[in-house]
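To start, the structure itself, in structure tokens.
The values are calculated or read from the model by the stated rules, or taken from the named source; none is laboratory data. Here the structure is a predicted model, which means the values were calculated and not measured. Positions of Cβ are backbone-derived with ideal geometry, glycine not excepted, and every protein chain shown enters the neighbour counts. Side chains included, ligands, DNA and RNA excluded: accessible areas come from the protein's heavy atoms. Shrake-Rupley method; radii C 1.70, N 1.55, O 1.52, S 1.80 Å.
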Amino acid sequence: MRVISGECKGRPLKAVPGQSTRPTTDKIKESLFNIIGPYFAGGAGLDLYGGSGGLGIEALSRGMDKMIFVDRDPKAAETIKNNIKACGYEEKTEVYRIESHRALKALKKREFQFDLVLLDPPYAKQRIADDMEKLDEYGLLSDGVQVVAEHDPGVILPSSIGSLKRVREETYGSTKLSLYLKRDE
């Protein structure tokens, strides 16, 4: 695993020890960022199921100003912190070792708004639609937000969730990417 593009291009990233996470392959990561970027002129992002932190770190390398990482697994949270440090992004990041819905409630209290949300939960435990409903309901989404869900191709997500509308889907073998944008009211 490595950072594919931007200021940390080529920097190796460590995977979470054990079999508890499924890292996004470089091919899928590159496809994802070609769809949503490929580069950013700042903004705040949320990597809700951080794993190793690879997706959020890629977004920072490509120009995001700030990234919040959430993962309830202690090994994952530690791996995210180590990868952030290896890229020199300590000042641009926060890492929460907490369950996703509790994290969203905490972010609501802090009145965060995100320009990019990355959802890559464990395939067997995904609740992407519910997460997107909460993000919308809690006012955590900026007007220009892009929400990207990485999931099993067998998971059928609704075409719209709250103020979010699915605008694109791509399937790469055993992985599907679904892109949602906030629609005008």
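Grab the helices (runs of 4 or more DSSP H) fully contained in the range 1-95, keeping just those with 1 or more residues being without any contact (Cβ under 8 Å) to a residue 12 or more places away in the chain.
Output list reads 26-36, 74-87.
Given the criteria open to solvent by 30 Å² or more (accessible area, probe 1.4 Å) and in a helix (DSSP H, G or I), does ASP130 qualify? It would help to see each step written out before you state the result.
Numbers: open to solvent by 30 Å² or more (accessible area, probe 1.4 Å): yes; in a helix (DSSP H, G or I): yes.
Yes; evaluated as a whole, the condition is true for this residue.
For residues that are open to solvent by less than 40 Å² (accessible area, probe 1.4 Å), of a type outside the set (S, T, N, Q) and farther than 18 Å from LYS125 by Cβ, tally how many sit in the range 70-94.
4
I need the full set of residues from the range 82-104 which are under 17 Å from the mean Cα position of the chain (by Cα) and over 17 Å from GLY45 (Cβ atoms), in order please.
If the condition is that a residue be under 17 Å from the mean Cα position of the chain (by Cα) and over 17 Å from GLY45 (Cβ atoms), then ARG97, ILE98, GLU99, HIS101, ARG102 are the ones that fit.
What's the number of the only condition in (1) over 17 Å from the mean Cα position of the chain (by Cα); (2) open to solvent by less than 50 Å² (accessible area, probe 1.4 Å); (3) of a type outside the set (S, T, N, Q) that LYS165 fails to meet?
So LYS165 meets the others, but not (2).
Which residues, taken from the range 159-173, are part of a strand (DSSP E or B), farther than 21 Å from GLU137 by Cβ, of a type outside the set (D, E, K, R) and free of Cβ contacts under 8 Å to residues at least 24 places away in the same chain?
THR171
Go through the residues of the range 96-109 one by one and say whether even a single one is among the basic types (Lys, Arg), in contact with a helix residue (DSSP H, G or I) (Cβ under 7 Å, 6 or more places away or on another chain), surrounded by 13 or more Cβ atoms within 10 Å (Cβ to Cβ) and in a helix (DSSP H, G or I). Explain how you work it out, then say what you get.
First, pick out the residues of the range 96-109 that are among the basic types (Lys, Arg): 97, 102, 105, 108-109.
Checking which are in contact with a helix residue (DSSP H, G or I) (Cβ under 7 Å, 6 or more places away or on another chain) leaves us with 97.
Keeping just the survivors that are surrounded by 13 or more Cβ atoms within 10 Å (Cβ to Cβ) gives 97.
From the residues that got through so far, the ones that are in a helix (DSSP H, G or I) too are none.
Looking for residues that are among the basic types (Lys, Arg), in contact with a helix residue (DSSP H, G or I) (Cβ under 7 Å, 6 or more places away or on another chain), surrounded by 13 or more Cβ atoms within 10 Å (Cβ to Cβ) and in a helix (DSSP H, G or I), one finds none in the range 96-109, hence no.
Take ALA149 and tell me if it is part of a strand (DSSP E or B), surrounded by 15 or more Cβ atoms within 10 Å (Cβ to Cβ) and without any contact (Cβ under 8 Å) to a residue 40 or more places away in the chain.
yes
Being more than 15 Å from GLY45 (Cβ to Cβ) and among the hydrophobic types (A, V, I, L, M, F, W, C) narrows it down to one of VAL155, VAL145, VAL117, so name that one.
When all the criteria are applied, what remains is VAL155.
When LEU116 is evaluated against the numbered criteria (1) part of a helix (DSSP H, G or I); (2) open to solvent by less than 10 Å² (accessible area, probe 1.4 Å), which criterion, by number, is the only one it fails?
Condition (1) is where LEU116 drops out.
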